[in-house]
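Participant: Here you go, one structure.
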Amino acid sequence: MGKIIAVAQHKGGTGKTTTCINLGASLSNMGKRVLLVDLDPQASLTVSVGINPLEVEKSIHQVLIGPGVEMKNAVLTRPNINFSVVPSHVDLAMAEAELAGRIGREKVLQKKLTPMKYEYDYIFIDCPPTLGILVANALVAADSVLIPIQCEPLTLYGVKNLLQVINLIREEVNPSLKIEGVLRTMLDRRTKLSKEVSESIQQTFGNLVFATIIYRHVKFAEGPIHEKPIEFYASKSPGAEEYQNLAKELLAHEG
Ligand SMILES: Nc1ncnc2c1ncn2[C@@H]1O[C@H](COP(=O)(O)OP(=O)(O)OP(=O)(O)O)[C@@H](O)[C@H]1O
Ligand SMILES: [Mg+2]
């Protein structure tokens, strides 16, 4: 049985999408079957792997809203990537309102995604930087949450909100939801402040923090241009190696 990991943080631009893509690519290179679900109406993950959201036939939006559309109907593969993707579409922005009045509105994704645990070893859900119904759906469907925190000041506020929601979801719907780990991202070696934030994350979250740190690398900003994970166009670069180390840490969690 596979594992569903929601990659979430109540703050924009903390490396959620970059982590899904590069951790997914690393695990896939290690022989794991990986599915990435783009749950963000911005569709950054979809675009970053070279899929045009406007041209996809079935997106996560239809899976969640449309009657009779199953997750497997929306799965795409591409020659430039070694994992499968369920693409997003800008229409997903309407899903919050569309789901609002439904009974069991937080469980829609769980119902659709759970069968996929038989097909994949790792399923990552790339969450939007919000805390609405979409993210609630991700946290209900997930076995665990991976929280990327940017090593910059004020970044810990977003985590506090997310942790509150995680606790609520545990109390109400998904008591076995775990925190897979807190990932320090975009650490800038040149600034003292960045290192200080990294240390305060370590103090706050203790052994929940991954030993692997993702440093700031220009190559990641180039990712969308290449339309493939760094693993493929610069597998020997420090950034790619950091995500390979993260993948090893994640595998070690399974014991
Ligand atoms: N380690 C890194 N070094 C340098 N740039 C990075 C790194 N990780 C991500 N980036 C860049 O930072 C920006 C934000 O990253 P990303 O899209 O992964 O964040 P996000 O948390 O998914 O954002 P959003 O909340 O908007 O979904 C992107 O332009 C990405 O290319
Ligand atoms: Mg994103």
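Participant: How much length would be gained if the chain were fully extended between N80 and A221, taking 0.36 nm per residue of separation minus their Cα-Cα distance, in nm to one decimal? The partial results should precede the final answer.
Facilitator: Details: separation 141, 0.36 × 141 = 50.76 nm, distance 1.79 nm.
Value of the extension gain: 49.0 nm.
Participant: Next question. Within region 238-253, which residues have the backbone N less than 12 Å from the label spot 7 Å out from A211 along Cα→beta-carbon, could you tell me?
Facilitator: Hits in region 238-253 for A211 at 12 Å: 245-246, 248-250, 252-253.
Participant: Okay, moving on. Where does the chain land at 222 nm, in deg cm²/dmol rounded to the nearest 500, when only DSSP H runs of n ≥ 4 count, each adding -39500 (n - 2.57), divided by all residues? Write down the numbers at each step before the final one.
Facilitator: Working: 11 runs with 107 residues, N = 255.
The helix-only estimate for the chain comes to -12000 deg cm²/dmol at 222 nm.
Participant: State to the nearest 20 debye the size of the charge dipole of the chain about its Cα centre, where the only charges are +1 on K and R beta carbons and -1 on D and E beta carbons. Don't skip to the answer; put the middle values down first.
Facilitator: Details: 27 positive and 27 negative charges, 69 e Å.
It comes to approximately 340 debye.
Participant: Taking only protein heavy atoms into account and a 1.4 Å probe, give the accessible area per residue of region 3-249 in Å².
Facilitator: Working: 10890 Å² over 247 residues.
About 44 Å² of surface per residue is accessible.
Participant: From the residues V49, N245, I60, which one has its Cα farthest along the dipole of the chain in the positive direction, the dipole being from +1 and -1 charges on Cβ of Lys/Arg and Asp/Glu about the Cα centre?
Facilitator: Among V49, N245, I60, the one farthest towards the positive end of the dipole of the chain is N245.
Participant: Might you work out the accessible area of V108 for me, using a 1.4 Å probe with all protein chains in place, and round it to the nearest 10 Å²?
Facilitator: Taking all protein chains as shown, V108 has close to 20 Å².
Participant: Kyte-Doolittle mean at least 0.5 and Cα extent at least 30 Å along the axis: which DSSP H helices of the chain qualify? Spell out each step's value before the answer.
Facilitator: Numbers: long enough: none.
The qualifying helices: there are none.
Participant: Moving to a separate point now. Tell me, how many Å apart are the Cα centres for region 212-255 and for region 141-164?
Facilitator: 20
Participant: May I ask you to list the lysines whose Cα is less than 28 Å away from that of K195, ignoring any residue fewer than eight positions away on the same chain?
Facilitator: Partners within reach: K11, K16, K160, K178, K219, K236, K248.
Participant: Pull up all non-local amide H partners of K178: gap of 5 or more, or a different chain, and H-to-H distance under 5 Å with H placed in the peptide plane.
Facilitator: S144, V145
Participant: What do you get for Rg/Rh over the chain if you use C-alpha atoms and the Kirkwood form of Rh? Could you put the intermediate results ahead of the total?
Facilitator: Working: Rg = 17.1 Å, Rh = 18.1 Å.
My calculation of the ratio gives 0.94.
The values are calculated or read from the model by the stated rules, or taken from the named source; none is laboratory data. Note that the structure is predicted; figures quoted are calculated from it, not measured. Note: ideal-geometry Cβ built from the backbone for every residue, glycine included; neighbour counts use all protein chains shown. Keep in mind that these areas ignore ligands, DNA and RNA; they rest on the heavy atoms of the full protein, side chains included. Shrake-Rupley method; radii C 1.70, N 1.55, O 1.52, S 1.80 Å.
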